[in-house]
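Following: one structure in structure tokens, then a few remarks.
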Amino acid sequence: MSPCLSLFPKEVGWLYIRKENMTQKDYNPRVAEDVGLALAQIIYHKEIHDYQGALSLIDESFKQAVGAGSGFIHAISEKTLLAMLTLLDVLNLEKALLMATLLKAEGDIYEGQGNADESYDSYLKSLNLFLEILLSDAYLHDLRCSGEVEDLLVKLEAYDLPLNTRRLLFQLYLCAFLKRA
């Protein structure tokens, strides 16, 4: 018998452990649901041109998802952001997808305000996260991530993309090419 289970009577030991694991498993879907609701509110605020309200919701969603606000997310390097989303060399795809989606929404808000510099920063971080997600899991090529990448590339087409972003794009195109061959 497991040392953990020996502390509990047989009848309740497995129930206690199962309940504890259920709570941990429910955390990411709850975060995703909360961010999904926030995204709906963000879209509403964007449509009524309440940009500050939308940015506040995005900041709160960042804090809820990863424990850091928008200012911190933009102040750190992409390498540091990836490290925050990685545990034991495995990218947390759910949180990375949430972050990439929030960054894209933030870029849309800045674009709506006519703030090209801020929208570029948000779009670029979002694009790089989506590319990392796609390169981390071959099954995600069929999800909406590919469409998000295409949309972000259109939004960023007026800019020279940094070398790291071009490297990620090349890797993605190479993977797609080899997958077809």
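Miscellaneous remarks
- Hz values of 3J(HN,Hα) by residue in segment 47-58 - Karplus curve (6.51, -1.76, 1.60), Gly and Pro given as x: 5, 8, 6, 8, 5, 5, x, 5, 5, 5, 5, 5
- Prolate/oblate/rounded label for segment 43-122 (Cα gyration tensor, a/c 1.5): prolate
- Residue-span extension gain [Ala68 to Glu33] - 0.36 nm each, minus C-alpha spacing: 10.8 nm
- Modelled this way, with points 7 Å down the Cα-to-C-beta line, the labels at Arg167 and Ser77 are 1.1 nm from one another.
- From least to most packed, judged by other beta carbons within 10 angstrom and beginning with the fewest, Tyr123, Tyr44 follow the order Tyr44, Tyr123.
- Efficiency of FRET between Asn115 and Leu88 - r from beta-carbon atoms, R0 25 angstrom, step 0.05: 0.10
- Interchain or long-range residues, amide H under 5 Å from Thr86's placed H: Asn92
- Sequence-ordered 3J(HN,Hα) estimates for segment 148-157 from the Karplus curve with 6.51, -1.76 and 1.60 and θ = phi - 60° stand at 5, 4, 4, 4, 5, 5, 5, 5, 9, 5 Hz, glycine and proline given as x.
Computed from the coordinates by the stated procedures, all read-outs in this text should not be read as laboratory data. Fair warning: this is a prediction, and the values are worked out from it, not measured in the lab. Methodologically, a virtual Cβ is constructed for each residue, glycine included, from the backbone with ideal geometry; neighbour enumeration extends over all protein chains shown.
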